[in-house]
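Enquirer: There's a structure below that I have some questions on.
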Amino acid sequence: MRLFATQSQYADRLADAIESEDQCTSQLRTLIDQISLQQGQIVSLEEEKQRLEQECGQLKVLVQELERKGLGRLIDKEQVPVAAVVIMACNRADYLERTVKSVLKYQSSVASKFPLFVSQDGSHPAVKEKALSYDQLTYMQHLDYEPVHTERPGELIAYYKIARHYKWALDGLFYKHNFSRVIILEDDMEIAPDFFDYFESTAALLDKDKSIMAVSSWNDNGQKQFVHDPKVLYRSDFFPGLGWMLARSTWDELSPKWPKAYWDDWLRLKENHKDRQFIRPEVCRTYNFGEHGSSLGQFFKQYLEPIKLNDVLVDWKSMDLNYLMEDKYIKHFADIVKKAKPIRGTDLVLKARNIGGDVRIQYNDQPDFERIARQFGIFEEWKDGVPRTAYKGIVVFRYQITQRIFLVGPGSLVQLGVSDS
């Protein structure tokens, strides 16, 4: 009986084991079927990926061919372009239209010297449609699907995407299309009647004087009450941006180390501009109407809206601009500063108003400069130890129409070789 009971227990266990084995076999077969199905899906996805890559390759070739044909149509084979002009755009079709109309108004007669491009970041359909509606320009599109990782919490990713777009567009214009110079505009700018003559005349300075990093059409203190003479140009240690021309030789240096974000402030760092300077006008050749954008209208009402856009046709071709060359300019500027009457103490605005000619006002440090700038209403901001528009620490602006005010830094007169008397 005991033996029979033991055999029955073993039989039951054996039956359970056989049942478990059958279940395992069934599960294994199901798993094998699932793996086979997934492998089939993987193969299908790989085939789909290859098909899409082929289509992308064909589209790239088509785009390159269209760009080549468009560029060939827009560039005179016998005319060497002065500079390509690129309008940087993203998602503001109405702004882009206003900018393109302003540019074409003056570019049409010099199109072979200044071929026009619109570079769009992203795929906003209205912007693409608007850009492609103009036969007089070449359309470029930057499609970047790589995720943006900001370096600090709360930063706007727009500034990172803008920096990527600038690098892509400038690399393309300099290295793919082989231009020697590029003028960069944004999609919220209008230009002055002499915009192209101004850049054509200053292009020679950019080529001859390697201490000039770029030529700008912008004056940060270019508000109506602070400017007067449309013929006057200055050198500045502060990068103005907002409509500027760059040479390929400089881009060769900047492109490999281009920043992830805030490219304009990056250019204002001494480690990047390396004490090179920028040409700027007294009266702006661009007007920025972009109240709504990545900067969220920062400073617009106070500083941008009142800007004076030049409306005088200056004959730049007849002007000798050699005074802006590095070896001549320091003496030229020193002679002007030397003639200005020094004023000190309190009530500086009142004292300046009571003097007929140019005046110079000494500031001791950045807080002192900001205090004086606030009294007159000019930009107070500094970047990397340099006030906006400054040359050798000196900021100049007009007051009472023709009078010039020179805000002079603690070491500025020594750099110019002017005695403080």
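Enquirer: Just checking, which of 302, 223 is open to solvent by 30 Å² or more (accessible area, probe 1.4 Å) and either within 23 Å of residue 374 (Cα to Cα) or β-branched (Val, Ile, Thr) (or both)? Steps first, please.
Expert: Values: 223 fails: open to solvent by 30 Å² or more (accessible area, probe 1.4 Å).
Unique residue meeting the criteria: 302.
Enquirer: Considering only residues that are closer than 20 Å to residue 272 by Cβ and among the acidic types (Asp, Glu), which ones fall in the stretch 170-215?
Expert: 171, 209, listed by residue number.
Enquirer: Just to be sure I understand, how many residues within the stretch 197-220 are among the acidic types (Asp, Glu) and buried (at least 24 other Cβ atoms within 10 Å of the Cβ)?
Expert: Residues that pass the stated criteria total 1.
Enquirer: Contact list please: Cβ distance under 6 Å, first residue in the stretch 182-207 and modelled with pLDDT of 95 or more and outside any helix (DSSP H, G or I), second residue of a type in the set (Lys, Arg) and open to solvent by 10 Å² or more (accessible area, probe 1.4 Å), pairs at least six apart or on different chains.
Expert: Listed pairs, sorted by first residue: 187/92.
Enquirer: Next question, about the same structure. What pairs can you find where one residue is in the stretch 377-396 and over 19 Å from residue 224 (Cα atoms) and assigned by the TED database to the domain that holds residue 283, the other is buried (at least 21 other Cβ atoms within 10 Å of the Cβ) and at pLDDT below 95, and their Cβ atoms are less than 6 Å apart, with a gap of 6+ or different chains?
Expert: none
Enquirer: Also, quick follow-up: Which of the residues spanning the stretch 264-299 are over 16 Å from the mean Cα position of the chain (by Cα), at pLDDT 95 or above, open to solvent by 20 Å² or more (accessible area, probe 1.4 Å) and acidic (Asp, Glu)?
Expert: Within the stretch 264-299, 271, 275 qualify.
Enquirer: Here is a list: 229, 237. Which entry is in contact with a strand residue (DSSP E or B) (Cβ under 6 Å, 6 or more places away or on another chain) and at pLDDT 95 or above? Lay out the reasoning, then the answer.
Expert: On the way: 229 fails: in contact with a strand residue (DSSP E or B) (Cβ under 6 Å, 6 or more places away or on another chain).
237 is the lone residue from the list that is in contact with a strand residue (DSSP E or B) (Cβ under 6 Å, 6 or more places away or on another chain) and at pLDDT 95 or above.
The values are calculated or read from the model by the stated rules, or taken from the named source; none is laboratory data. None of these values were measured; they are calculated from a predicted model. Counting neighbours? That spans all protein chains shown, and the Cβs are built from the backbone with ideal geometry, glycine included. Accessible surface areas use protein heavy atoms only, side chains included; no ligands, DNA or RNA. Shrake-Rupley method; radii C 1.70, N 1.55, O 1.52, S 1.80 Å.
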